[in-house]
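The block underneath contains the structure these notes are about, expressed in structure tokens.
What follows draws every value from the coordinates through simple rules; no lab data is involved. On a predicted model such as this, the values are computed, not experimentally measured, just so you know. No Cβ is skipped: glycine too gets one built from the backbone with ideal geometry, and neighbour counts run over all protein chains shown.
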Amino acid sequence: MSAEQIAFIGGGNMASAIIGGLLRAGLSAAQILVVEPHEPQREKLARDFGLQALAAGDASLARATTVVWAVKPQLFAEAAAPLKAWLSGALQLSVMAGIRTDSLVAATGSERVVRSMPNTPALIGQGIAGLYARPAVSADERAAVERLLAPTGQTLWVDREDDLDAVTALSGSGPAYFFFFVEAMTAAAVDMGLSAEQGRRLALATCGGAAALGLASDESPTTLRERVTSKGGTTYAAITSMQADGVDAAVRRAVLAAQKRAAELGKEFG
């Protein structure tokens, strides 16, 4: 990474997770530039990472070999407009939900665009990011994107840009579904006489352990579920109750609703 110059447009949580990983991987603070209009966040970036953060973009952006877009989708057009003159020579990497690559090409003048849909476990290096590259992106640039995102977790390439709406719905929004389920398990723990803290610890450890078991096993989630679901037992009672309540169908509808909204965001803010 010795020749890389990376500019971040937006310096929030996701940008900070990537920046921290890059510094741990050997990139120097001098190789990173951030454009962040909010002063408290600029001060935090300087304090945490010792890097340069600008309130507004300037000609120094032209030195960037890669530009990482990390602003909220609704702020993209406003953030991009004053920067176009300095960005066309760089590889563009977006971690924004919904914004299509056509919009990024129009805003930057570069056809070399990769879209990424990360998720919040990236903040602790346990995320997974779906990736889509336009045809102008070379194999070496794909590899560079993978290296850039490696400290945040896993990556998964998709062949069609529209597939990123499904990635957004499944893994981008997925941590919220998980915590929603943990909230319900914790409430049930209190109903059964445990404390909320006991319920939280039991629920999180159980879900985390189950996820680790699933990742370590070659067996399907269905098989793993059936291994602890003896007919007439406690797990069977719980699963039967959830099936009677239509939980599985509700989850599928919820994920499809998130996919639909991801597609709408692209049209709304692109």
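Charged side chains reduced to their Cβ positions (Lys and Arg at +1, Asp and Glu at -1) give segment 6-159 a dipole of some 100 debye around its Cα centre. Loop sites only, by DSSP: take the trypsin sites (Lys or Arg not before Pro) in the chain that have at most 14 other C-beta atoms within 10 Å and name the longest stretch containing none of them. After excluding every exposed loop site, the longest remaining stretch is 1-159. Taking the Cα centre of the chain as reference, the dipole from Cβ charges on Lys and Arg (+1) and Asp and Glu (-1) amounts to some 120 debye.
The stretch between Ala188 and Ala250 holds 20.4 nm of extra length on full extension. This uses 0.36 nm per residue minus the Cα-Cα distance. Hydrophobic, long helices, defined as DSSP H runs whose alpha-carbon span along the helix axis is 24 Å or greater and whose mean Kyte-Doolittle value is at least -1.0, occur in the chain at 174-191, 196-216, 247-269.
What is the magnitude of the charge dipole of segment 174-266 about its Cα centre, with +1 placed on the Cβ of each Lys and Arg, -1 on the Cβ of each Asp and Glu, and no other charges, expressed in debye to the nearest 20? Numbers along the way, then the final one.
Details: 9 positive and 9 negative charges, 25 e Å.
Using Cβ point charges on Lys, Arg, Asp and Glu, segment 174-266 gives about 120 debye.
Applying 1/(1 + (r/R0)^6) with r as the Cβ-Cβ distance of Ala136 and Ala55 and R0 = 35 angstrom yields a FRET efficiency of 0.65.
Restricting to DSSP H runs of at least four residues, report the calculated mean residue ellipticity at 222 nm for the chain, -39500 (n - 2.57) per run over all residues, nearest 500 deg cm²/dmol.
Details: 11 runs with 132 residues, N = 270.
Roughly -15000 deg cm²/dmol at 222 nm, from the helical runs in the chain.
Here the Karplus curve 6.51 cos²θ - 1.76 cosθ + 1.60, taken at θ = phi - 60°, turns the phi angles of segment 122-137 into couplings of 4, 5, 10, x, 10, x, 9, 10, x, 10, 9, 10, 5, x, 6, 7 Hz, with x standing for Gly and Pro. For Trp157, nonlocal amide neighbours, meaning residues 5 or more places apart or on other chains whose placed amide H falls under 5 Å from its own, are Leu131.
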